[in-house]
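Any read-out appearing in this document is the output of simple, stated calculations on the displayed coordinates, not a laboratory observation. Keep in mind that what you see is a predicted model, and the values were worked out from it rather than measured. Here Cβ is always computed from backbone atoms with ideal geometry, including for glycine, and neighbour counts include all displayed protein chains.
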Amino acid sequence: MIKKRIMIVGSNGMLGQRLVKHFSGRADTELLLTSAETESYFENIDYKQIDISDKKNVKKIINNFYPDIIINVAAYTNVDKCETEKELAWKINVKGVEYLAKYSVGSHAHLIQISTDYVFDGNDGPYNEKDLPNPISYYGRSKLAGENVIRRFDIPFTIIRTNVLFGPAKFGRPDFVKWVVQSLTNKQKIKIVTDQINNPTYLDDLVLGISKACDLKKTGIYNIAGAELLNRFEFTKKIAKFFNLDFSLVQPIETKELNQPAQRPLKSGLINLKAETELNYKPHSLDECFSLMQKEWETN
């Protein structure tokens, strides 16, 4: 069997961990994991520390592995810090993507780049793949620039836009669902915005969408997001109801009350129709996602 060589960039991150779990179980795949950290979370899988903003480092790793597919889930994602750390955000979200694309040319690797609904202004969502981007934060501008820089290179590429990722990642900070569950279990009051609308995306649904794009060699832009469009307060209410927690601890607020450095797209979300049609993408309902998370928490 000729194995498909897949390089995952950002393998220690929340999405990266679930991609490793998925692809490491496939007999037809040879994996190389890369992340900014000195050590991998996964034993017995080849790992290289990478600084994607270092051109020579990227060139050496790609040329040595000669991948068929590169999945880039590494990014500078602190939306507020991007406003003050613009140089760092640009180095990772734009220059890093440029170097991955540039050195994909030699092996004609299929580059899969994860992007975001923050490329839109959030005035008239949910958005499809043909809607015109208009980012209102530096994070959004850097992610859009990262999308655009790929087009300069003669490689097959897929840009996957997603939003509000949640799901069971064994290592690192808790996702939104786990944070809500932990906070309400500990009887802590939390403030949640009522005016940010998205369709939260279950990590493993996104992983299956990425996997389909790899297998079917689909190129272009795809939205891969959750099944249900709702605001963050409603999302929290569904979490509290499923896990039988005290929703009275949740205080509704508006985004402007948080005085955050970066603007957020408010009426956002992504339309999945293209992925459903071309990738046979079928996201789980939120209750199904919560059930899957609960089972994994109980076994870990």
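For segment 123-153, the tally of residues that are free of Cβ contacts under 8 Å to residues at least 40 places away in the same chain, farther than 22 Å from His108 by Cα, in a helix (DSSP H, G or I) and of a type outside the set (A, V, I, L, M) stands at 1.
All of (1) surrounded by 14 or more Cβ atoms within 10 Å (Cβ to Cβ); (2) of a type in the set (Gly, Ala, Ser); (3) under 29 Å from Glu30 (Cα atoms) hold for Gly220 with one exception: (1).
Residue-wise test of (1) more than 18 Å from Asn12 (Cβ to Cβ); (2) touching a Gly at 6+ places or on another chain (Cβ under 9 Å).
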position	(1), (2)
Glu43	no, no
Gln49	no, no
Lys86	yes, no
Ala89	yes, no
Ser104	yes, no
Ser107	yes, no
Asp117	yes, yes
Tyr127	yes, yes
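Tallying residues that are buried (at least 17 other Cβ atoms within 10 Å of the Cβ) and assigned to a loop (DSSP other than H, G, I, E, B) within segment 167-186 yields 4.
Count of segment 1-53 residues, restricted to those that are charged (D, E, K, R), surrounded by 17 or more Cβ atoms within 10 Å (Cβ to Cβ), in a helix (DSSP H, G or I) and out of contact with any helix residue (DSSP H, G or I) (no Cβ under 7 Å at 6 or more places or on another chain), is 0.
Counting only residues that are more than 24 Å from Asp195 (Cα to Cα), surrounded by fewer than 16 Cβ atoms within 10 Å (Cβ to Cβ) and either in contact with a helix residue (DSSP H, G or I) (Cβ under 7 Å, 6 or more places away or on another chain) or in contact (Cβ under 8 Å) with a residue 12 or more places away in the chain (or both), how many does segment 255-281 have? The qualifying residues number 3. Checked against (1) surrounded by 15 or more Cβ atoms within 10 Å (Cβ to Cβ); (2) farther than 24 Å from Glu288 by Cα; (3) out of contact with any helix residue (DSSP H, G or I) (no Cβ under 7 Å at 6 or more places or on another chain), Lys143 passes all but condition (3).
Within segment 69-114, the set of residues being surrounded by fewer than 19 Cβ atoms within 10 Å (Cβ to Cβ) and part of a loop (DSSP other than H, G, I, E, B) comprises Thr77, Asn78, Asp80, Thr84, Glu85, Val105, Gly106, Ser107, His108. Cβ-Cβ distances below 7 Å connect no pair with a first residue in segment 170-181 that is free of Cβ contacts under 8 Å to residues at least 12 places away in the same chain and within 16 Å of Ser40 (Cα to Cα), a second residue that is outside any loop (DSSP other than H, G, I, E, B) and aromatic (Phe, Trp, Tyr), and a separation of six or more residues or different chains.
Within segment 187-238, which residues are acidic (Asp, Glu), without any contact (Cβ under 8 Å) to a residue 60 or more places away in the chain and part of a helix (DSSP H, G or I)? Walk me through how you get there before you give the answer.
Of segment 187-238, the ones acidic (Asp, Glu) are 195, 204-205, 215, 228, 234.
Narrowing the set further to residues that are without any contact (Cβ under 8 Å) to a residue 60 or more places away in the chain leaves 215, 228, 234.
Matches in segment 187-238: Asp215, Glu234.
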